[in-house]
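Comments concern the structure below.
Throughout, read-outs are computed from the coordinates displayed, never taken from laboratory work. All figures in this text were calculated on a predicted structure; none of them were measured in a lab. Don't worry about glycine lacking a Cβ; one is built from the backbone with ideal geometry, like all the others, and counts go over all protein chains shown.
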Ligand code: 13P
């Protein structure tokens, strides 16, 4: 079954509004290659400005997080209504930085994910093991817990309603990409688990992205793996030329 490859840039907290706008303009100059999708996720205060740049383009806009309520006493949170106003169609949930630096639990991430679905925003659920967990042979156990708890109570009509990103924590921002074989193994495991959580047809539709030190030199081999449907790129998405070469990777 066809899953459109998604090349996604997570700009984290690296850009000012002016820099984010400039970066979006520089990326939007090049047409998106046919049969591929591109997304960028700026910091929340830059969503409106970047959304305005991307409005006339096929590039999708994503938030880096999302609240499950549209209004109320939720200091510091971002309403799905405001995301929609900015033109965002996706929201990252459960990024490892949220889990590890801000103590977001699977239960909290599940609330965010279900909130996104309620507002017809595609949640991009990030999962991934730490190096200690990998060395303990606990990778699959950790991924299973993050997927089952993150997706608890979710029913889907189609696998296009959500996206998963496998981001091994030890590969994020370290320059240490998981090998293509390591990533493929984790992705195949996740897909079979998604078949169990939903059903096999839906699991075949769900895109599973790889993230962790992806760069122009590693993208082609990553994308050649059967169960890898795209990349969630941090550092290498912050410069237009390197992100554009990732977007234009050669199919092996
Ligand atoms: P890096 O590409 O900088 O390793 O970041 C990956 C990431 O966390 C994307 O969400």
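Compactness ratio for the range 174-252: Cα radius of gyration over 2.2 N^0.38 Å (N = residue count) comes to 1.14.
Computed with the Debye formula from one identical point scatterer per Cα of the chain, without solvent, the log10 of I(q)/I(0) at q = 0.09 Å⁻¹ comes to -0.34.
When the square roots of the Cα gyration tensor eigenvalues are ordered a ≥ b ≥ c, the ratio a/c for the range 137-204 is 1.5 or more and a/b exceeds b/c, which makes its shape prolate. Rounded to 0.05, the FRET efficiency of the residue 252 and residue 73 pair, given R0 = 35 Å and the Cβ-Cβ distance, is 0.10.
Between 101, 232, 113, where does the largest GNM mean-square fluctuation fall for the chain, given springs only between Cα atoms within less than 10 Å? Ranking 101, 232, 113 by mean-square fluctuation puts 101 first. Placing one identical point scatterer on every Cα of the range 18-62 and ignoring solvent, what is log10 I(q)/I(0) from the Debye formula at q = 0.29 Å⁻¹? Here log10 of I(q) over I(0) equals -1.10. Taking the chain as a Gaussian network of alpha-carbon nodes connected by springs under 10 Å, the highest mean-square fluctuation of the residues 46, 138, 86 belongs to 138.
Calculated mean residue ellipticity, 222 nm, the chain: -11000 deg cm²/dmol, from DSSP H runs (n ≥ 4) at -39500 (n - 2.57) each, averaged per residue and rounded to 500. Applying 1/(1 + (r/R0)^6) with r as the Cβ-Cβ distance of residue 57 and residue 105 and R0 = 41 angstrom yields a FRET efficiency of 0.70. Each 10 Å bin from zero holds the following percent of Cα-Cα pairs in the range 122-166: 26, 48, 21, 5. Across the chain, the relative contact order, built from alpha-carbon pairs under 8 Å that are at least six residues apart, equals 20 percent.
Based on every Cα atom in the range 106-252, Rg and the maximum pairwise Cα distance Dmax equal 15.0, 41 Å.
In whole angstrom, note down how far apart the Cα centers of the range 60-130 and the range 194-217 are. Comparing the Cα centres of the range 60-130 and the range 194-217, I get a distance of 18 Å.
Seen from every direction in turn and averaged, the convex hull around the alpha carbons of the range 1-151 projects onto 10.3 nm².
A simple spin-label model places pseudo-atoms 7 Å from Cα toward Cβ; at residue 241 and residue 221 they are separated by 2.4 nm.
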